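First up is the structure itself, then whatever we jot down about it.
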Amino acid sequence: MKDMDKVAHRLAFLEGASFSPEDLESIVKEIEDNERIVGELEEFSQGTPWISLQAQPHEKKA
Amino acid sequence: MVPNDICELNLTDLSWLIAARELSSVEAVNAALTRLERLEGKLNAFITVLYEEARAEAKKVDEEIARGNNRGPLHGIPVTIKDMFETAGVLTTGGSKILQDWVPETDSALVERLRRAGAIIIGKTNLDEFGHGGTSTLSHFGPVHNPWDIQRIAGGSSGGSAAAVAARIGMLSYGTETGSSVRRPASYCGITGFKPTFGIISRHGSFRGAWSQDHVGLFARSVKDIALGLDPVAGFDARDPASVHQETPEYAARLNANVKGLKIGVLGKFLEGVDSTVKQAFDAALKVLAGVGCEIIDFDVPEVRYAAMTSMMTSSAESAGINRRWFRERYQDFVPHVARGIAVGMAITASEYLTVQRARHRIREALRAAYEKTDIIASPTTARVAPLLSEGLKGSGDDTRHASYNQSNLLRFPSMLGLPGCSLPIGISQEGMPIGMQLIGSWFADQTVLNAALAYQSTTDWHTRGPVLGNP
């Protein structure tokens, strides 16, 4: 229950889908681990420019 | 010519025989369908088989050829396509219960171009649901079995396509790749698989796994056949926002096995966890490439340690976005593992996704610098041969959750960055399973990759070997 409380704000994104307790446990675990992954990638990408897509159409040539 | 002999022909020879009217397209299609009927019970490689439609098409092709109209190398050739491609009037399921009854009204761009080339689609192949997986066991229609050992996986998500080609059912198969879904099953099934640069083949009318990483690719028994299958389907399509303008593709005509001086980079630190028999086969393959004049260079790109994580998080978030509506309305109809994966992706925030893309950009710049030092990056395609079905989803040993010198990163970075890649067979393990090597080129260096693969296949015969299954 404690783990689910920690990620309750994320579980709200699941739009009411109700998984079994076992499935929910596995989802929660992975969500928490994803937080660790994002932290590492944030560290790794320090100093790298943010990506921006061009809004205007442009020719792409091979 | 008996049907099994027809199935053993290469594409060039079959194409010539049909054009010369020494063999009919009807005979070629019937041979493929006969073989399919004999083996499909063991492989489960197909979701839909187009018996009558394919025979009717083949008859029309023969009449057209008799009138002197030949459309090119694929005219009258039996091919298969992954059930990710919309096919007008034909069940198109994505391997999912959600679309188990869906029949589109229009063709995908791939199917349009195959029809224009006169190819005969004989079936839609089985896959991981909507491309979510690396095993082809996550299908509503049951798992695909590897033709080399039906107790093993074919790999995914394009496992049905790879299994079909390996089992000599159809000369070519077209699949898709988001993480490794062409290269991995090609390696596991002992065939040649090619994923071109992002944007070379239109994805219009195919289901999206993760839009910024999805590619269309193809499988064949040799790189010569790959090139023949690539030419008719490559080319700009305004309906796919990722499509690129290019000259008329002539990959087959420009094949050249003279690769003297080509630089082949090896990221050796990433190979330490690779199975010893796979490593031995790879080392032997490097010697072959050196023997044909390539320069082998050892170097490191430490940023690639983050590739698998970055690719995985990108796919997770994008596939959640793509599947959001179905998830909201009928998540229970997804394969359970896929539903759980989408749920996890739904929980990734926009700012986290953008952070992941920043990391992706850093890796891309590191590879851009690397390709100034080398023409190709080579590695074993997978760290081990196809695992047993009983080993489940973890059987491949892939790690997409830790930054490390794990081979999984080499498997994931090409699709994440849109680089052209070819997996080709380089040996057989002690268990009798195929081993593959991947050659990854820089952006739009597709011809270089194909030429390097041709140089290897011109001096070896691993690509001519096939599974015992179904052979007389």
Top-ranked residue of the range B:56-91 - restricted to ones that are part of a loop (DSSP other than H, G, I, E, B) and without any contact (Cβ under 8 Å) to a residue 40 or more places away in the chain, ranked as nearest to residue B:209 (Cα to Cα) | B:87
Filter the range A:13-32 for residues that are loosely packed, with under 13 Cβ neighbours inside 10 Å and among the small types (Gly, Ala, Ser); the one that is farthest from residue B:337 (Cα to Cα) is A:16
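Just give me the residues in the range B:324-336 being touching a His at 6+ places or on another chain (Cβ under 9 Å) and either in a helix (DSSP H, G or I) or modelled with pLDDT under 95 (or both), in sequence order.
Across the range B:324-336, the qualifying residue is only B:333.
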Give me a count of the residues in the range B:156-179 that are farther than 17 Å from residue B:223 by Cβ and of a type in the set (Ser, Thr, Tyr).
-> 4
Please state which of the following conditions residue B:38 fails to meet, knowing it meets all the rest: (1) buried (at least 17 other Cβ atoms within 10 Å of the Cβ); (2) outside any loop (DSSP other than H, G, I, E, B).
-> (1)
Can we say residue B:179 is surrounded by 24 or more Cβ atoms within 10 Å (Cβ to Cβ), on the phi > 0 side of the Ramachandran plot and either part of a loop (DSSP other than H, G, I, E, B) or of a type outside the set (D, E, K, R) (or both)?
-> no
Check the range B:396-405 and report whether any residue there is within 14 Å of chain A (Cβ to nearest Cβ), aliphatic (A, V, I, L, M) and in a helix (DSSP H, G or I).
-> no
Kindly indicate whether residue B:322 is within 16 Å of residue B:211 (Cα to Cα), hydrophobic (A, V, I, L, M, F, W, C), more than 8 Å from chain A (Cβ to nearest Cβ) and within 23 Å of the chain's Cα centre (by Cα).
-> yes
Could you please tell me which pairs satisfy a Cβ distance under 6 Å, a separation of 6+ or placement on different chains, a first residue in the range A:5-34 that is on the phi > 0 side of the Ramachandran plot, and a second residue that is part of a helix (DSSP H, G or I)?
-> A:15/B:328
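Which of the following residues is within 14 Å of chain A (Cβ to nearest Cβ), surrounded by fewer than 19 Cβ atoms within 10 Å (Cβ to Cβ) and either closer than 24 Å to residue B:202 by Cβ or modelled with pLDDT of 95 or more (or both): B:250, B:303, B:295? Write out each step before concluding.
On the way: B:303 fails: surrounded by fewer than 19 Cβ atoms within 10 Å (Cβ to Cβ); B:295 fails: within 14 Å of chain A (Cβ to nearest Cβ).
Only one candidate qualifies: B:250.
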For residue B:173, state whether it is in contact with a strand residue (DSSP E or B) (Cβ under 7 Å, 6 or more places away or on another chain) and among the hydroxyl-bearing types (Ser, Thr, Tyr).
-> yes
Top-ranked residue of the range B:337-349 - restricted to ones that are more than 7 Å from every other protein chain (Cβ to nearest Cβ) and assigned to a helix (DSSP H, G or I), ranked as nearest to the chain's Cα centre (by Cα) | B:338
When residues of the range B:194-227 are filtered for being farther than 26 Å from residue B:314 by Cβ, surrounded by fewer than 24 Cβ atoms within 10 Å (Cβ to Cβ) and of a type outside the set (Lys, Arg), how many remain?
-> 1
From (1) within 14 Å of another protein chain (Cβ to nearest Cβ); (2) surrounded by fewer than 24 Cβ atoms within 10 Å (Cβ to Cβ); (3) within 23 Å of the chain's Cα centre (by Cα), pick out the condition that doesn't hold for residue B:352.
-> (3)
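Give me the residue from the range B:361-391 that is within 14 Å of chain A (Cβ to nearest Cβ) and within 23 Å of the chain's Cα centre (by Cα) and, out of that set, farthest from residue A:38 (Cα to Cα). Don't jump to the end; show me each part of the working.
Start the filter on the range B:361-391 by keeping residues that are within 14 Å of chain A (Cβ to nearest Cβ), which leaves B:361-369.
From the residues that got through so far, the ones that are within 23 Å of the chain's Cα centre (by Cα) too are B:364, B:367.
Working: B:364: 18, B:367: 21 Å.
The selected residue is B:367.
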Go through the range B:300-321 residue by residue and tally those that are under 18 Å from residue B:403 (Cα atoms) and either touching a strand residue (DSSP E or B) at 6+ places or on another chain (Cβ under 6 Å) or in a helix (DSSP H, G or I) (or both).
-> 15
Taking the range B:60-72 and the residues there that are touching a helix residue (DSSP H, G or I) at 6+ places or on another chain (Cβ under 6 Å) and surrounded by fewer than 24 Cβ atoms within 10 Å (Cβ to Cβ), the one that is nearest to residue B:49 (Cα to Cα) would be B:62
Could you run through the range B:256-312 and say how many residues are in contact with a helix residue (DSSP H, G or I) (Cβ under 9 Å, 6 or more places away or on another chain) and of a type in the set (S, T, N, Q)?
-> 4
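Could you please let me know if residue B:13 is of a type outside the set (Gly, Ala, Ser) and free of Cβ contacts under 8 Å to residues at least 24 places away in the same chain?
Details: of a type outside the set (Gly, Ala, Ser): yes; free of Cβ contacts under 8 Å to residues at least 24 places away in the same chain: yes.
Yes, satisfied.
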For residues in the range B:253-271 being touching a residue at least 60 places away in the same chain (Cβ under 8 Å) and outside any loop (DSSP other than H, G, I, E, B), which is surrounded by the most Cβ atoms within 10 Å (Cβ to Cβ)?
-> B:270
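The values are calculated or read from the model by the stated rules, or taken from the named source; none is laboratory data. Worth saying up front: this structure is predicted, and the values here are computed from it rather than measured. Counting neighbours? That spans all protein chains shown, and the Cβs are built from the backbone with ideal geometry, glycine included.
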